[in-house]
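Working notes, beginning with the structure itself.
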Amino acid sequence: MPRKTVLKVEIERVSILDEHGNYDAALGDGLIPDADLVRLYEAMASCRYLDEVAFKLQRSGRMGTYPQNMGQEAGSLAAAYVLDNEDWLVTCYRENCGLFWRGVPMESILLHWMGDERGNAMSRAHFATPIAVPIGTQMLHAAGLAWASKYRGEKRIACTFFGDGATSEGDFHEAANFAANLDLPVVFCCQNNFWAISTPGSIQCSAPTVAQRGIAYGMPCLQVDGNDLFACAYAVKWAAARARTESKPSFIEMVTYRLGDHTTADDARRYRDQAEVDVWKERDPLLRTRRHLEQKKLWNSSKEEAMQVRVKTEVDAAVKRAEEIPAPPVADLFNSMYAELPAQLAYQRDTMQTHSLASETAAKAEGH
Ligand SMILES: Cc1ncc(C[n+]2csc(CCOP(=O)(O)OP(=O)(O)O)c2C)c(N)n1
Ligand SMILES: [Mg+2]
């Protein structure tokens with residue numbers, strides 16, 4: 001038998017507004033009206049400022065570990081902008097910008113990273129799932145939510161965000177396999193920032209693109225400049241339309257970069273060259289959007305100054321609200337896992353604030 005090619009694939013890359021200010025009008029026009037672009041820029045600026053403030057809160061002991069979103073604001077924001085407000089937004093932890101656009105209060109996110117889980121209890125009104133710190137778990141939730149939506153005959157689709165590292169987890173492969181084989185309306189958005197903490201993409205994925213991991217499951221894929229609001233909006237619109245009208249999943253690789261450390265518990269200088277960071281600073285989504293707005297005479301330095309004042313007021317007020325929310329009682333730790341608390345855990349609950357954690361004697365001494 002002769003050898004013959006049974007599959008040849010091509011992956012397209014979409015870039016509409018690049019870091020040099022080149023704008024592809026054929027692809028971009030009509031995608032984001034000017035007034036919306038100004039609002040989107042402001043949304044990215046407020047998210048960026050929140051990052052700065054959160055970093056300082058952590059350093060001054062007022063917040064636990066925090067993952068800065070800096071540099072990755074465009075992808076989730078474009079998705080939240082393009083999707084219906086009742087489509088599921090199923091994120092990990094670098095999608096604050098999209099969540100805020102959806103209406104998730106800033107103080108909820110702050111509260112979560114301050115160690116109060118009530119911050120992660122998303123209101124049903126926002127159609128957003130709790131931010132997922134366990135890597136990869138949320139992609140399965142997205143497949144499940146999309147499946148439920150299909151089963152109920154709803155038009156709601158699910159859009160999930162995850163990192164390049166997460167595509168090495170079994171969860172990704174299970175979610176992709178499920179979504180593709182059951183024809184589920186899922187938009188898979190991988191924010192490829194080239195690093196999974198200190199593990200570089202080069203030793204994490206031997207394929208030339210992450211996008212082709214979607215092709216392996218029979219999903220159409222697009223790679224986009226993930227720092228380009230227009231390209232991200234274009235891709236999510238394309239994938240959302242396919243999900244809504246054909247009930248099929250798609251995969252989008254958003255090529256981006258985290259300009260900060262992995263989290264406040266990390267020091268990226270130990271494994272990343274400053275030269276690499278400097279290249280990506282020039283590709284910053286805020287910088288290019290601002291330049292584009294200025295070019296269109298929609299923005300100038302006085303508008304920028306006025307916006308910075310607004311952003312500071314907004315973020316400072318959110319921090320104040322988050323810090324003023326009374327802490328939950330410590331015993332809450334034990335409250336949501338069991339209908340009836342096992343005896344050993346009851347001892348722990350009753351003794352944890354004494355000198356003798358989980359000791360029966362101490363519990364008795366305390367009068368329990
Ligand atoms: C199941 C699981 N394993 C390991 C970790 C520790 N961990 C936290 S972030 C991370 C790397 C994630 O990389 P990537 O998916 O590329 O996301 P990024 O942080 O770069 O946005 C790891 C391994 C975790 N949170 N959950
Ligand atoms: Mg990564």
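Things to note:
- Taken over the range 301-345, the criterion of being surrounded by 12 or more Cβ atoms within 10 Å (Cβ to Cβ) and over 30 Å from Trp113 (Cβ atoms) is satisfied by Lys303 alone.
- Pairs where the first residue, in the range 166-178, is under 12 Å from His141 (Cβ atoms) and the second is assigned to a helix (DSSP H, G or I) and more than 8 Å from ligand 1 (Cβ to nearest atom), C-beta under 7 Å, 6+ apart: Asp171/Met139; Asp171/Leu140; Glu174/Leu140; Ala175/Met139; Ala175/Leu140; Ala175/Ala142; Ala175/Ala143; Phe178/Ala143
- Among the candidates Leu222, Leu184, the residue that is more than 18 Å from Ser168 (Cα to Cα), in the same structural domain as Asn96 (by TED's automatic domain parsing), over 20 Å from the mean Cα position of the chain (by Cα) and buried (at least 21 other Cβ atoms within 10 Å of the Cβ) is uniquely Leu184.
- Every residue from the range 199-229 that is among the β-branched types (Val, Ile, Thr) and assigned to a strand (DSSP E or B): Thr199, Val224
- Looking across the range 248-269, just one residue is of a type in the set (Lys, Arg), away from ligand 1 (no atom under 11 Å from the Cβ) and in a loop (DSSP other than H, G, I, E, B), and that is Lys248.
- Residue match in the range 232-249 (condition: within 16 Å of ligand 2 (Cβ to nearest atom), polar (S, T, N, Q) and in contact with a helix residue (DSSP H, G or I) (Cβ under 8 Å, 6 or more places away or on another chain)): no
- Given (1) at pLDDT below 95; (2) within 16 Å of ligand 1 (Cβ to nearest atom); (3) within 24 Å of Leu27 (Cβ to Cβ), index of the condition Pro208 fails: (2)
- Among the residues making up the range 143-201, those that are polar (S, T, N, Q) and either touching a Pro at 6+ places or on another chain (Cβ under 6 Å) or more than 12 Å from ligand 2 (Cβ to nearest atom) (or both) are Ser149, Thr160, Asn177, Asn181.
- Matching entry among Ala240, Ala175, Ala166 (being within 16 Å of ligand 1 (Cβ to nearest atom), more than 25 Å from Asp266 (Cα to Cα), among the small types (Gly, Ala, Ser) and modelled with pLDDT of 95 or more): Ala175
Okay, residues lined up against (1) at negative phi; (2) surrounded by 22 or more Cβ atoms within 10 Å (Cβ to Cβ); (3) hydrophobic (A, V, I, L, M, F, W, C):
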site: Cys97; (1), (2), (3): yes, yes, yes
site: Arg102; (1), (2), (3): yes, yes, no
site: Leu111; (1), (2), (3): yes, yes, yes
site: Ala121; (1), (2), (3): yes, no, yes
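- Scanning the range 58-94 for residues that are of a type in the set (Ser, Thr, Tyr) and within 18 Å of Ile157 (Cβ to Cβ) yields Ser76, Tyr81, Thr91.
- Qualifying positions in the range 127-136 - of a type outside the set (Phe, Trp, Tyr), crowded, with 18+ Cβ neighbours inside 10 Å and within 12 Å of Val90 (Cβ to Cβ): Ala128, Thr129, Ile131, Ala132, Gly136
- Of all residues in the range 120-162 being among the hydroxyl-bearing types (Ser, Thr, Tyr) and not in a loop (DSSP other than H, G, I, E, B), the one that is nearest to ligand 1 (Cβ to nearest atom): Thr137
- Those residues of the range 52-69 which are within 20 Å of Glu324 (Cα to Cα) and either surrounded by 22 or more Cβ atoms within 10 Å (Cβ to Cβ) or out of contact with any helix residue (DSSP H, G or I) (no Cβ under 9 Å at 6 or more places or on another chain) (or both), in sequence order: Ala54, Phe55, Lys56, Arg59, Ser60, Gly61, Met63, Tyr66
The values are calculated or read from the model by the stated rules, or taken from the named source; none is laboratory data. All figures in this text were calculated on a predicted structure; none of them were measured in a lab. Because the Cβ atoms are built from the backbone with ideal geometry, glycine has one as well, and the counts that use them run over all protein chains shown.
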